[in-house]
Every structure is written in C-alpha cells, then in structure tokens.
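Notes to accompany the following structure.
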Amino acid sequence: MKLRELAEHLQCRLEGDGDLTIERVAGIEHAGPGDLTFIANPKYQGFLESTLASAVLVTPGPTRSEGGPALLVCERPYLAFAQALGLLVHASLPAPGIDSSSVVASDAELGDAVSIGANAVIGSRTRIGARSVVFPGAVIGPGAVIGSDCVIHARVSIRERVQLGNRVVVQDGAVIGSDGFGFVKQADGTHLKIPQHAAVVIEDDVEIGANTTIDRPAVGETRVRAGTKIDNLVQIAHGVTIGERVLFAAQVGIAGSTVVEDDVVLAGQVGVAGHLRIGKGVVATAQTGVPNSVDPGVMISGYPDIPNRDWLKSSAVFRNLPALKKRVVELEQRIAELEEKLAACRPPSET
Amino acid sequence: MKLRELAEHLQCRLEGDGDLTIERVAGIEHAGPGDLTFIANPKYQGFLESTLASAVLVTPGPTRSEGGPALLVCERPYLAFAQALGLLVHASLPAPGIDSSSVVASDAELGDAVSIGANAVIGSRTRIGARSVVFPGAVIGPGAVIGSDCVIHARVSIRERVQLGNRVVVQDGAVIGSDGFGFVKQADGTHLKIPQHAAVVIEDDVEIGANTTIDRPAVGETRVRAGTKIDNLVQIAHGVTIGERVLFAAQVGIAGSTVVEDDVVLAGQVGVAGHLRIGKGVVATAQTGVPNSVDPGVMISGYPDIPNRDWLKSSAVFRNLPALKKRVVELEQRIAELEEKLAACRPPSET
Amino acid sequence: MKLRELAEHLQCRLEGDGDLTIERVAGIEHAGPGDLTFIANPKYQGFLESTLASAVLVTPGPTRSEGGPALLVCERPYLAFAQALGLLVHASLPAPGIDSSSVVASDAELGDAVSIGANAVIGSRTRIGARSVVFPGAVIGPGAVIGSDCVIHARVSIRERVQLGNRVVVQDGAVIGSDGFGFVKQADGTHLKIPQHAAVVIEDDVEIGANTTIDRPAVGETRVRAGTKIDNLVQIAHGVTIGERVLFAAQVGIAGSTVVEDDVVLAGQVGVAGHLRIGKGVVATAQTGVPNSVDPGVMISGYPDIPNRDWLKSSAVFRNLPALKKRVVELEQRIAELEEKLAACRPPSET
C-alpha cells in the first residue's frame, strides 16, 4: 500500500514521500525498509534516528530528519498502528463450508457462510450465526447458540445451552459452561454435588483467551457483558457477572457470584473472592488478592488489597523491616539508659 | 412437582399450601412464581418479605407471613436446596451408544450402557465401566481404566494406564496423567528428562475441574483419594497424594511428592511446595503460599503461611507501616532531645 | 537387566552381586526386590538400612551392610537414576503411520516414520519431521512446521505458521500460537483488537506442559530457546523471549515483550510483568511477583520482588508486626514519662 493511501486511511498527517510502498508493520527495533512502525512512548523517541523503517507513526512534535523515515503524525499512534495492522496483515480465516469430517447434528441451524472445521462436533439444536467460524476439534454442546461473525478456535468447548453474542472470539482450548464448583457438605463429611445446569451468556464483542474456563451456575446465570476482553488461563466461576469493556489479564480468578462492574482492569494473577462487588473502573495491579468489595474507581494492590499508593509505601517499608526492628531495639536500649540516668538525677524537691 | 411431595422428599416441615406446583429452583433475588428458593445465610432473611418465590427453604425460626411464600423448614436449607435441584433439574446426559465417528480400539472393553461421543478416541486395552459417558473429542489413552457411572466431558485427556474409580466426573479439557515436570541438570547445564511412566489413580466420587492438570510420576504414583473435589485450572504435580474429601478451589497448585491429608480445604490460587505434608483438616485462605509442612487442623494465610489470626493482625499493621515507621523516626528525635537535655542535667554526685 | 550391566551403563562402581536382576526403578520408600532406587539427599540416608530394594544408587561414602542392598556408587545418583529409568522403562510411543480417522491436508509434508493419531488434524502446507508423533485430537494449523523426533500429545493446538524445532515435547492440551492479548482503547472506551499474526518459534529440546499457553504477537516474534522446560498451566504472552535451559514451574505467567535470559529458574505461580529483562541465572521462589527488570544471578522473592535473603528476614518480622507495633507504643509511653520527669528536673543553670 502506498504511504499516502495509508495516511488517508489512518487520518494521519504525512511528512515525507507518499509514494513509498508499505508492505509490513514491525516493532521499532526490528523494522526495516518497507515497514511501518510507531512510537507511542516518549522513551522510544531515540529510535527515530536509528530505525530502518520506511515510515513511523508519531505524535505531533518530532520533526522529520533529512534521510530519516517518513512520519505519519496523529494524536494516537498506537491506535493508528493497530488500524494499520488490520489494513496490512490479512488473517487467514478458513473458507466457508462444512468439513466432511465434522459431525453436525441434523437439527443444527447454520447461518450463511459458516465455516465448520475438521473433526468439529456441532450438537443437537445448536444455532450458529452467519459467517461464524468453528475451527477443528471444537465441540459445541446441544442447544448452544453462537451469534454472527464469531471465531471459535480449535478445541474449544462450548457446553450445552451456552449463548454467545456476535463477533465473539474464543481462543483455543477455552471452556465455556463447565459445571460450577458447587458442593454442600453432608453430615458424614462428604460433599454432595449441587447440579449446575443454569445459563451462561457471553455478549457481543467479547474475546476469551486460550484455556480460560467459564463456569455455569446452579441457578441464575454467569454473564460476560459486551466488549469485555479476557486473556488466557483465566477462571470465571459460577454465577459471576462481568461488566462491559472489562480487561482481565492472564491467570486472573474470580470466585462465585461476584459482580465486576464496567471498565474494571485486573492485571495478571489477580484473585477476587466470591459474592463481592468490584466497582466500575477499579484497577488492580498484578497478583492483588481481593477479599472484600471495592468502591468504584479505586486502584488497588496487595493481599488483602489496599489502595495502590499505600501499598507502594508499605512495600517500601516492608523490604526494610529488619532495619526498622533494629531501630526499635536500639530505641529500647537508649530509653532504658535514659531511665537509669534519670533515676539517678535528683528530683528538684530534693535539692 | 407438588410442594407437599417436595417437602416429603426433602424431609422438611411444610408451612403453606402443599398443592402449589414447584417447577424450578432459583436464587432468592431472582425467584418468581413456581420457584423454590432458600435462605441459608441470616443476612438474606430480609428477602423473605419481598421474594416472589412460591416457596422458601428456611431454618426453624421465621414464621410465614400472610400472603408470603410457603416455607419448607429444615435444619440445613442449603443441603435441601441442592437435593431439590437434583429432583427438579434433569441433566441431559447423552444416550448410551457409540457414536460412529468415534474411534474405539477393537480390544477396548466397554461396560453396559456406555456412551461414547462423536470423535472421541478410546485407546487399546482400555476398560470403561457401565453407564459411563465419554463426551465428544475426549481421548482415553491405551490401558486406561475408567469405572462405572463416570462422566468424562468433552476434550478431556485421560493418558495411558491412568485409573479412575466409579462416579468420577472430569470437566472439559482436563488432563490426567501428563508427564511430571522431572528433569535433572547435567554437567553441561542442560536438563535431562526423567521418564515419567508410573501410575495415576483417581478414586471414587472425585470431581476434576475444567482444564485442570494432574501429572504422572517417574516412580510410585499420583493419587487423589475418594470424594475429593478439584476446581478448574488446578495443577497437581507428579507423585502428589491428595486425601479424601479434600476441596481445592480454582488455580491451586501442588508441587511434586506433597501429601495433602483428608478434609483439607485450599482456597483459590493457593500454592504448596513439594515434598510437604499438609495435615488433616488444614484450611488455607486464597493465595496462601505454603513452603513448609502444616500441622493438622490449622487455618493458614499469607506467604510464607502463618496462622490466619496472626496474618490478619500483621496485615492490618502492614497497611499502616509508613505511619509506624514515622512514629519510630519521631521517637528517635524525641530520645535524641532527651539525651541532650539529660547530658546538660548535672549528675547528683556533682552537686 | 543384570546389575553388572546396569552399573556399566551408568558408569557406577558396583558393591554387591552383579548377577542380580533389576526389573524396575522405584522411590526409596516403596522399593522392593528387583528394584533399583537412589539416595540423592543425605536426609534419606537412614532408608539404606530399611529398604527392600535390590540395589541403591548412592554417592561415595556409605559402605554396604551385610545382607543390605547392593550399592551403585557415583557422584550424581539422581542423574544416574534418571538414566536408569531410560534404560528400564520403555515408553509406549505409538507406531508410525497415519490413522485413517485423522484429517491430513494433501499438501502437508510428513517425514519418515511419522505417527499421526486418531482424529488429529494436520493443516495445509504443514511440515512434520521424521519420527515425530502427533497424538489423537491434536490440531496442527496451516503452515506450521514441526521438526524431527517431536512428541505432540493429545489435543494440543499448534496454531498457523508456528515453528517447532527438533525433539520438542508438548503435553496434552497446550496451545502454541494463540492470539496475544493486544487491544487499544478507542475514544468511546471500547477496545480495538490489534491483529496478532506474527511468528512463534520454539527451538530444539523444549518441553511444554499440559494446558500451557504461548501467545503469538502482532509484530516481531515470541521465542522459546533451546533446552528450556516449561511446566503445566504456564502463560507466555506475546512477544516474550525465553532463553536457553530456562525452567518454569507450573502456573508461572510472563507478560508481553519480556525477555527472560538463559538459565533462569522460576518456581510455581511466579508472575513477571511486561517489557522487562530477567537476567541470566535469576532464580525466583514460588509466587514471586516481578514488576521490574532483574540483574543476572540474583535470587528473588516476594511482591514486589526483593533479594531472597532480605525477603526471608522481612517475612520473619512481618509475622511479628503486631508485637513490633506494641513495642513502639510502649516506647512512646516511656518517652512521654521521661519527658515529663525531665521537665521537672531543674536545668543546671537554675541551680
């Protein structure tokens, strides 16, 4: 694609030769001739001199150096970079059609231009919307509903009666609708399984990572609202509700019946206990453990979680705890000496 | 089902109209006419006034209000609720039979009324007991033994020679019998794989969560004893022994050769180091890290784990560590001032 | 195998009857007649008296007791034990051949003596090297390259264009090449997916655990270098580079674009943030959280990580924080008393 054309698509101001051909996108350190790259973080500004890229997406500010790469100037270079990837890199989704090795129930309803991969299994009474792709080895349980333009990668399990909206992407090996971990202790100490047969709903534009698990509850529903993105190896327990536009990094775990409100961001390996409410826009840093509900808009860290600012300060003291303890011991000695000296010091009444 | 009939099944005392028809079960906040719900936690008592449910399972105490829902009174409403779910919700296990797309070794022994799903693979010399169900895409390795009334969900791997007891449930994508993580460092710094070909035994009534992994050891065995329930994304390393009626919440990890005794409860994301013994009835709160063996009956938290009560107190101080440090700094200043003053104060012998 | 023959293979000095037949290997506590076992850790030395094993691998030192087991003396008994397992235990890899139920693209290139299991799916333009084994239900995406002597266990996903070297072992359910978790926030708060179509390279002699996930980046590559061993349920994010001979225990998570240098060892549940460099030979104990780059050779613990020695000391103080706080409160009281007494004490100038 000509750089001029790309600039128009991305709505960027072009500084340099619009006739350059851009063939690929690349990171700033690895980019070469024919590549478009970007600088979103000022600390990478120095690479502008050394990069071999043909063009660089930048924020307003830097001026183009003679012989340097062409510049595409815009307010949000990273966003433009993501858009450029969409223009220049073409995903290789399988062609529509039903592979002869797949097993599709006779009463399944498949929309226009659906693609069903090799050895996929499509259960009875399922419905799959137009242009959705089911990769090889995926298993769609009876009565499951998948919207339009979904991508179900290889070896995903969509269990019975699970509902997916439109444009949902599920990475390989994820499981949606497995039995919630619900047992009740009986008088003899054994655990009676509580049947878990209620609803799981994944709304539009959700992405679910590889080998992530989302459980179904006994009653009510487990729900992930529109536009939420979930990374790999995440656990969403039964009866959980996740709001819109939420981001969960890898290995996050949410225990049963908790409500996570819109726009929450949980970094990697965060754990949230059950029956809580995590307020809109909460941000938790990696490995945070959340035993209680959290007010909207707070940034938290640590276990039990505390405000991030406090946690940073407490952590700084933690690493010097032995020194702090030593100072207390020294204080005790100095006070004991003072007490001894003062005892020897005549009170005024005695003079 | 008539409420009267349900009350008999659940051995509850009925207050209200026994002719009511109960069609579903539901949580107290979502229940409507025709629903049975429950109150196990006194803090939900207030919902008794507002619920639209036809009947509520309660402990002895509350009296039925005029026009309110019928009451089913019993000592353990949550247990009765679980039992009611079993009566009113009917799981849709696949019908017995062998799907023509499955690949079943000619020398596999299948019991009466076994169900083998589409594209499942049943290896050579396997034995599968009566009424067990293998869902689509599951792979049962050569020589594996599965008892009666087991449910092996879609895309589970049961590796070669693994043994499962009766009534074992394995959720989608779980792996039982993968190679233990055993390597030995050689003189040149590379890691030599220790072949991992020994036994894995899962006893009766165990449940294993989605995408959980249970490794096989080089020698000896990995064993999960009867009645233990394991949630999603849990890691059980090679040579581990898990006792009876143990509960592991999601994302727990147990390192190699550790013994977990009966009735232990580990909350989410707990990690236990290798070669330890976790005593009977130990409870660990979420994210606890256990580097040493734990005596029976203790409740632990933190990393390294300490008694939960101590951890709660230490955590409360942790969040105020900067203030504590400030107090120490102030003390140092005050003592320095005292020391100065006292130095100026004539000792008695000088007067 | 005769013990004499085994001693020669393992290059050990034999004390005892070389005509003994060794049939199995076993742990010291479970070994019986016909078994070879080992003592690598001095704390198990006591078992030398009680074991029923026919022979024991030991370091130089202990002398054989009359009627006790034969000894195989060498510098590294655990290494010899691993080698003995390779000699005595024979893995049951499937025979070469292509199962008729598998789906192999007509343009896939399969090397000599490759084994393709039941219901495996081999995509278009894939290349699989000589003697590699693909177990049942595995899905190899279009254009993927697998070297020689690899073992791809059941239900693994190797995504499109992923490259594996030689002798790579991938345990069941692992996913290599899933989309990286890359999104950019748009003006309306929604997250735009950054297409993730770049390279994933797994070099020679790497082992990847069950249900582990390794993501593909938008640009550049994700790479795991030769000889690295990764346990179960590990997350390797997009654009990460893992060095040679690295060991990751189960449930470790590495965020995007981080570089882990050679010979690093991360214990279970360790988390590492993105865009960092973890220096050669770093060791992190279990559950460590790493928010910043780490210099080579350091042993770290805690979150945020600090040197292990400091962490051990700080953790020891942590568990007694309430006592420390009490000491500070007592100091404050004693100082207040001293200040009061000293105020009453006449200054020298007044006398």
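The values are calculated or read from the model by the stated rules, or taken from the named source; none is laboratory data. Values in this document were obtained by computation on a predicted structure and should not be read as measured data. Quick reminder, even Gly has a Cβ in these numbers, built from the backbone with ideal geometry, and neighbours come from all protein chains shown. The area values use the complete protein model at the heavy-atom level, side chains included, leaving out ligands, DNA and RNA. Shrake-Rupley method; radii C 1.70, N 1.55, O 1.52, S 1.80 Å.
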Pairs, first more than 18 Å from residue A:85 (Cα to Cα) in segment A:42-61, second in a strand (DSSP E or B), C-beta under 7 Å, six or more apart:
A:48/A:56; A:51/A:37; A:60/A:73
State whether one or more residues within segment C:90-101 are open to solvent by 50 Å² or more (accessible area, probe 1.4 Å) and within 19 Å of residue C:32 (Cα to Cα).
no
Select from segment B:1-23 the residues that are within 30 Å of the chain's Cα centre (by Cα) and not hydrophobic (A, V, I, L, M, F, W, C) and write down the one among them that is most open to solvent (accessible area, probe 1.4 Å).
B:11
Cross-chain or 6+ apart pairs with Cβ under 6 Å, segment B:173-198 first and within 30 Å of residue A:176 (Cα to Cα), then open to solvent by 20 Å² or more (accessible area, probe 1.4 Å):
B:180/B:238
Residue ranges of strands (runs of 3 or more DSSP E) in segment A:109-227 with at least 2 members within 8 Å of another protein chain (Cβ to nearest Cβ), open to solvent by less than 20 Å² (accessible area, probe 1.4 Å) and modelled with pLDDT of 95 or more
A:175-179, A:213-216
Residues of segment A:24-48 being surrounded by fewer than 17 Cβ atoms within 10 Å (Cβ to Cβ) and either over 26 Å from residue C:222 (Cα atoms) or at pLDDT 90 or above (or both), which ones?
A:32, A:33, A:34
Within segment B:56-77, take every residue that is away from chain A (no Cβ under 14 Å) and at pLDDT 90 or above and give me the one that is most open to solvent (accessible area, probe 1.4 Å).
B:60
Selection from segment B:252-265 of residues more than 14 Å from residue C:287 (Cβ to Cβ), within 12 Å of chain A (Cβ to nearest Cβ) and either polar (S, T, N, Q) or free of Cβ contacts under 8 Å to residues at least 24 places away in the same chain (or both) yields B:263, B:265
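Per-residue answers, yes or no, for (1) touching a Leu at 6+ places or on another chain (Cβ under 6 Å); (2) open to solvent by 40 Å² or more (accessible area, probe 1.4 Å); (3) at pLDDT below 95; (4) of a type outside the set (Asp, Glu):
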residue: B:314; (1), (2), (3), (4): yes, no, no, yes
residue: B:318; (1), (2), (3), (4): no, no, no, yes
residue: B:334; (1), (2), (3), (4): no, yes, yes, yes
residue: B:339; (1), (2), (3), (4): no, yes, yes, no
residue: B:344; (1), (2), (3), (4): no, yes, yes, yes
residue: B:349; (1), (2), (3), (4): no, yes, yes, yes
Quick check on residue A:243: is it within 25 Å of residue B:213 (Cα to Cα), more than 7 Å from every other protein chain (Cβ to nearest Cβ) and open to solvent by less than 30 Å² (accessible area, probe 1.4 Å)?
no
On the basis of being surrounded by 21 or more Cβ atoms within 10 Å (Cβ to Cβ), out of contact with any helix residue (DSSP H, G or I) (no Cβ under 7 Å at 6 or more places or on another chain) and under 25 Å from residue C:197 (Cβ atoms), does residue A:81 make the cut?
yes
Please work out if residue B:249 is within 11 Å of chain A (Cβ to nearest Cβ), touching a Pro at 6+ places or on another chain (Cβ under 9 Å) and open to solvent by 10 Å² or more (accessible area, probe 1.4 Å).
no
Residue under question is residue C:296, and the condition is that it be more than 7 Å from chain A (Cβ to nearest Cβ), farther than 19 Å from residue C:259 by Cβ and at pLDDT 95 or above; does it hold?
no
Selection status of residue B:337, at the interface with chain A (Cβ under 8 Å from one of its Cβ atoms) and of a type outside the set (Gly, Ala, Ser)
no
Do we find that residue B:323 is of a type outside the set (Asp, Glu) and closer than 28 Å to residue A:274 by Cα in this structure?
no
Can you tell me which of (1) of a type outside the set (Phe, Trp, Tyr); (2) at the interface with chain A (Cβ under 9 Å from one of its Cβ atoms); (3) not in a helix (DSSP H, G or I) is the one residue C:286 doesn't meet?
(2)
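For segment B:289-301, how many residues are among the polar types (S, T, N, Q) and either buried (at least 17 other Cβ atoms within 10 Å of the Cβ) or farther than 13 Å from residue B:254 by Cα (or both)?
Of segment B:289-301, the ones among the polar types (S, T, N, Q) are B:292-293, B:301.
Subsequent filtering for residues that are either buried (at least 17 other Cβ atoms within 10 Å of the Cβ) or farther than 13 Å from residue B:254 by Cα (or both) retains B:301.
Residues flagged as among the polar types (S, T, N, Q) and either buried (at least 17 other Cβ atoms within 10 Å of the Cβ) or farther than 13 Å from residue B:254 by Cα (or both) within segment B:289-301 amount to 1.
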With the requirement that a residue be acidic (Asp, Glu) and open to solvent by 40 Å² or more (accessible area, probe 1.4 Å), what does segment A:256-288 give you?
A:261, A:262
Among residues belonging to segment B:228-240 that are part of a loop (DSSP other than H, G, I, E, B) and more than 9 Å from chain A (Cβ to nearest Cβ), point out the one that is most open to solvent (accessible area, probe 1.4 Å).
B:238
